[in-house]
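Have a look at the structure below before the remarks.
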Amino acid sequence: MDGLKAAGANPQIFGTPTISDGMAMGTEGMKYSLVSREVIADCVETCVGGQWMDGVIVIGGCDKNMPGGMMGMLRANVPALYVYGGTILPGKYKGQDLNIVSVFEAVGQFSAGKMSEEDFCQIERRAIPGSGSCGGMYTANTMSSSFEALGMSLPYSSTMANVEDEVLESVKQAAAVLVEAVKKDLKPRDIVTREAIENAVAVIMATGGSTNAVLHFLAIAHCAGVEWTIDDFERMRKKIPVICDLKPSGKYLAIDLHRAGGIAVMKVLLEAGLLHGDCMTMTGKTVAENLAEVPPLRADQDVIRPIKDALYAEGHLAILKGNLSPEGCVAKITGLKNPVITGPARVFDDEQSALEAIMAGKIQAGDVMVLRYLGPKGAPGMPEMLAPTGALIGQGLGESVGLITDGRFSGGTWGMVVGHVAPEAYAGGTIALVEEGDSITIDAHTLLLELNVPEAEIARRRAAWKAPAPRYTRGVLAKFAKNASSASKGAVLDLWQE
């Protein structure tokens, strides 16, 4: 407010609902998480349009208020900036950094007898020491970093800690930049071009970001009127190396990235010819101009690697296709020694029964878990599966058990996991036809997700299949289920014409 007044603007404040995925995870409340992305976008568009605002700053710091805010800014298309609330500082226990995912993985370790009750309780108590978004390169930090690369946030703002003073200074700076953008009539759809989205996805790949970024950037591109498909992520993956050693599959947290140079990731990519330096940003400068004063990588850090010393030569978010997902699905393949498995299907029609099976020791190495009717329409709301995947990691099964779902994953998930399977089960996708014991192949090398059952048998099952009754028939979840597009289209709500 003070920054806007100082810059000569007359500020108004409005709010939106938001959901804490950490609190909702594993509960019925998690079904509202993706739904809230659309509610937030609607709120931003409605308030900006209804109050005829000249510009808008959206402030957020969790998984859905970030893409939701960006989508609303693009729909309203008045001069705009996204301000990230900042990441959380790590908890500490026995010399180890802790974050929200530490708790979910500890559940699996404790249930498998690999951790004492005292250690389990101490991790639970110490993992969240203060305010801020989840600490790894999970969804919130993935979206903040990509918004900076997109040109819609200020340079160096996307990895700051929530509790440190530089966040306040960044907000004041954003206010002044917004007023200048209003004077210049510089609008989001001027900034968010196809090349800008390529820049954002390049940073997502380079930092090992969340699978949710695929879903959200499909939706962001749709709101920007930019042609962008799920296959574009695979195109980008093949040319962008992973150069940041960040959790969930790596070593460091987002605050470590900030202290190592933050935006220096973009400078490394630009110097390698992997960014479009001529893209305009909301600062009124191009990407290359913003990066001109950024110093080279420091020799005393190993969070950000030079291109020649990349952790992985190609990106980590692979788009798999096959008879189980002809529209495509998303696999995060970093940290895996061998991202290939063929095994018997263990089929679950909800998250809770799957978690119970894991905790009871009923899932064995070589199994492929199938969690279905959890897509945009089926759940509804496409909840995240952090509890089952965290339990698998904690039990030491992260690389030996496959898991596929038409739902989503937390940005904190890693392992032999495949999400966003499309078409989803509720829409009659092949995932609905899998039976217990069927052979399934996940192969990230050949980009294949296949049900190893004869086509004639699949056709027989398809003829006998009937869609289940909707789980909700009134209210926001019912409206989302009725209107949501496929995950392969970003699960947006306004594709009726297609």
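The values are calculated or read from the model by the stated rules, or taken from the named source; none is laboratory data. Since we're looking at a predicted model, the values are computed, not measured. Quick reminder, even Gly has a Cβ in these numbers, built from the backbone with ideal geometry, and neighbours come from all protein chains shown. Keep in mind that these areas ignore ligands, DNA and RNA; they rest on the heavy atoms of the full protein, side chains included. Shrake-Rupley method; radii C 1.70, N 1.55, O 1.52, S 1.80 Å.
For segment 320-343, the criterion of a residue being hydrophobic (A, V, I, L, M, F, W, C), closer than 27 Å to GLN96 by Cβ, touching a helix residue (DSSP H, G or I) at 6+ places or on another chain (Cβ under 8 Å) and open to solvent by less than 30 Å² (accessible area, probe 1.4 Å) is satisfied by no position. Among the residues of segment 337-345, is any in contact with a Pro (Cβ under 9 Å, 6 or more places away or on another chain) and either closer than 22 Å to ALA487 by Cβ or without any contact (Cβ under 8 Å) to a residue 40 or more places away in the chain (or both)? No, the conditions are met nowhere in segment 337-345. Is segment 64-76 home to any residue that is at pLDDT below 90 and under 28 Å from ASP245 (Cα atoms)? Looking for residues that are at pLDDT below 90 and under 28 Å from ASP245 (Cα atoms), one finds none in segment 64-76, hence no.
Counting residues in segment 259-267 that are within 11 Å of ALA149 (Cβ to Cβ), touching a strand residue (DSSP E or B) at 6+ places or on another chain (Cβ under 7 Å) and at pLDDT 95 or above gives one or more. Taking segment 356-392 as the range and being over 22 Å from the mean Cα position of the chain (by Cα) and either among the aliphatic types (A, V, I, L, M) or open to solvent by less than 10 Å² (accessible area, probe 1.4 Å) (or both) as the test, the residues that pass are ALA357, ILE358, MET359, ALA360, ILE363, ALA365, VAL368.
The strands (runs of 3 or more DSSP E) found entirely in segment 67-174 that carry 1 or more residues being open to solvent by less than 30 Å² (accessible area, probe 1.4 Å) and of a type outside the set (A, V, I, L, M, F, W, C) are 80-84, 91-93.
When the residues of segment 326-354 are filtered to those that are under 20 Å from the mean Cα position of the chain (by Cα) and more than 21 Å from ILE204 (Cα to Cα), the one that is modelled with the highest pLDDT is GLU327. Scanning segment 375-404 for residues being among the hydroxyl-bearing types (Ser, Thr, Tyr) and either within 13 Å of MET30 (Cβ to Cβ) or part of a loop (DSSP other than H, G, I, E, B) (or both) gives a total of 1. Scanning segment 185-207 for residues that are open to solvent by less than 10 Å² (accessible area, probe 1.4 Å) and part of a loop (DSSP other than H, G, I, E, B) gives a single hit, VAL192.
Exactly one residue among GLU164, GLU148, GLU124 is out of contact with any Phe, Trp or Tyr (no Cβ under 7 Å at 6 or more places or on another chain) and at pLDDT 95 or above, and that residue is GLU148. Residues in segment 230-243 that are touching a residue at least 24 places away in the same chain (Cβ under 8 Å) and either under 30 Å from ASP42 (Cα atoms) or out of contact with any Phe, Trp or Tyr (no Cβ under 8 Å at 6 or more places or on another chain) (or both): ILE230, ASP231, ASP232, PHE233, GLU234, MET236, ARG237, LYS238, LYS239, ILE240, ILE243. Examine segment 182-196 for a residue that is in contact with a helix residue (DSSP H, G or I) (Cβ under 7 Å, 6 or more places away or on another chain), under 24 Å from PRO241 (Cα atoms) and not β-branched (Val, Ile, Thr), and state whether such a residue exists. Yes, segment 182-196 contains at least one residue that is in contact with a helix residue (DSSP H, G or I) (Cβ under 7 Å, 6 or more places away or on another chain), under 24 Å from PRO241 (Cα atoms) and not β-branched (Val, Ile, Thr).
Scanning segment 393-429 for residues that are of a type in the set (D, E, K, R) and over 17 Å from the mean Cα position of the chain (by Cα), which turns out most open to solvent (accessible area, probe 1.4 Å)? In this case the residue turns out to be GLU399. For segment 447-464, the count of residues that are polar (S, T, N, Q), farther than 13 Å from MET369 by Cβ and modelled with pLDDT of 95 or more is at least one. Which members of segment 430-457 meet the condition of being open to solvent by 40 Å² or more (accessible area, probe 1.4 Å), among the charged types (D, E, K, R) and not in a strand (DSSP E or B)? Residues satisfying the conditions are GLU435, GLU436, GLU455, GLU457. Number of residues in segment 52-66 that are aromatic (Phe, Trp, Tyr) and not in a loop (DSSP other than H, G, I, E, B) equals 0. Restricting attention to segment 461-484, does a residue exist that is among the β-branched types (Val, Ile, Thr), buried (at least 24 other Cβ atoms within 10 Å of the Cβ) and at negative phi? Taking every residue of segment 461-484 in turn, none turns out to be among the β-branched types (Val, Ile, Thr), buried (at least 24 other Cβ atoms within 10 Å of the Cβ) and at negative phi.
Taking segment 15-60 as the range and being touching a strand residue (DSSP E or B) at 6+ places or on another chain (Cβ under 9 Å), open to solvent by 50 Å² or more (accessible area, probe 1.4 Å) and free of Cβ contacts under 8 Å to residues at least 60 places away in the same chain as the test, the residues that pass are THR16, THR18. Remark: pairs (first residue in segment 201-222, within 19 Å of PRO248 (Cα to Cα); second residue β-branched (Val, Ile, Thr) and not in a helix (DSSP H, G or I); Cβ separation under 6 Å; 6+ apart in sequence or on different chains) = ALA202/ILE240; MET205/ILE240; ALA206/ILE240; ALA206/ILE243; GLY208/VAL242; GLY208/THR334; THR211/VAL330; VAL214/VAL330. Restricted to segment 300-319, and to residues that are among the small types (Gly, Ala, Ser) and over 19 Å from MET385 (Cα atoms), which residue is least open to solvent (accessible area, probe 1.4 Å)? Per the stated criteria, the residue is GLY315. State yes or no: is ALA213 within 29 Å of ILE100 (Cβ to Cβ), of a type in the set (Gly, Ala, Ser) and open to solvent by less than 10 Å² (accessible area, probe 1.4 Å)? Yes; evaluated as a whole, the condition is true for this residue. Scanning segment 463-481 for residues that are of a type in the set (D, E, K, R) and either in a loop (DSSP other than H, G, I, E, B) or touching a residue at least 40 places away in the same chain (Cβ under 8 Å) (or both) yields LYS466, ARG471, ARG474. If you go through segment 100-126 and pick out every residue that is of a type outside the set (Lys, Arg) and touching a strand residue (DSSP E or B) at 6+ places or on another chain (Cβ under 7 Å), you end up with 2.
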